[in-house]
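Nothing in this text is a laboratory measurement; each read-out follows from the coordinates by a stated rule. In this text, all values refer to a predicted model and were calculated from it rather than measured experimentally. All Cβ positions, glycine included, derive from the backbone under ideal geometry; neighbour counts span all protein chains shown.
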């Protein structure tokens with residue numbers, strides 16, 4: 001069976017997904033600047049001028065990756081799963097890492113290797129992460145807007161964590 005021009009173009013579009021961000025209600029859209037280094041302090045050589053940027057999982061059809069997340073009460077804080085490169089590597093889970101912005105998406109920092117589920121509480125004063133693609137017996141938390149992370153064991157044996165839920169007003 002031979003592909004038509006439209007099918008070929010659609011297939012190429014599906015494989016070349018890029019993430020853009022706006023800071024003025026859609027007036028201007030731009031690629032997301034990748035962090036300059038990973039969580040271990042290694043340089044990430046990914047520059048917008050070369051077509052390389054940060055791409056975020058906005059929607060995961062298989063439900064594996066959480067979407068970008070923020071809270072109205074935690075101004076500027078966004079947590080998301082994605083990858084750096086020339087396009088979203090949605091079919092390569094080993095390329096996905098967890099990122100955080102403290103300034104509304106202008107600058108991003110890699111906070112964990114791999115995909116994590118997250119929740120933000122207490123006006124951003126508490127951020128909780130848990131590995132969501134493999135069993136774990138710990139959660140990670142930060143009480144300084146993601147500058148430092150601490151581990152807490154929650155189970156003697158590893159468990160699957162699918163979500164983290166806080167009180168509805170997310171201020172305590």
- Task: On a 0 to 90° scale, report how tilted helix 5-15 is relative to the longest principal axis of the chain, with both axes built from alpha carbons and the result rounded to the nearest 10.
- Result: 30
- Query: When ranked by the protection proxy of mean other Cβ atoms within 10 Å per residue, highest first, what sequence do the peptides 72-82, 86-96 form?
  - Reply: 72-82, 86-96
- Item | Per-residue [θ]222 nm for the chain (sum of -39500 (n - 2.57) over DSSP H runs n ≥ 4, rounded to 500) | -2000 deg cm²/dmol
- Message: Taking the square root of 5 times each eigenvalue of the Cα gyration tensor, what semi-axes in Å does the equivalent ellipsoid of the stretch 22-135 have, largest first?
- Response: 20, 19, 14
- Message: Need the full-extension length gain, residue 38 to residue 75, defined as separation in residues times 0.36 nm minus the C-alpha distance. One decimal, nm.
- Response: 10.9 nm
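Which order do the peptides 133-139, 53-59 come out in when sorted by mean C-beta neighbours inside 10 angstrom, highest first?
Values: 133-139: 15.3, 53-59: 20.0.
For the peptides 133-139, 53-59, the packing ranking is 53-59, 133-139.
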- Message: Suppose the chain between residue 20 and residue 113 were pulled fully straight at 0.36 nm per residue; how much longer would it get relative to their current alpha carbon spacing?
- Response: 31.3 nm
- Task: Quote to one decimal, in nm, the extra length available between residue 165 and residue 151 on full extension: 0.36 nm per residue of separation minus the C-alpha distance between them.
- Result: 3.3 nm
- Query: So, by mean Cβ neighbours within 10 angstrom, what's the order for 109-117, 142-150, 29-37 with the highest one leading?
  - Reply: 109-117, 29-37, 142-150
- Note on the structure: Under the 7 Å Cα-to-Cβ spin-label approximation, residue 135 and residue 92 lie apart by a distance in nanometres of 2.9
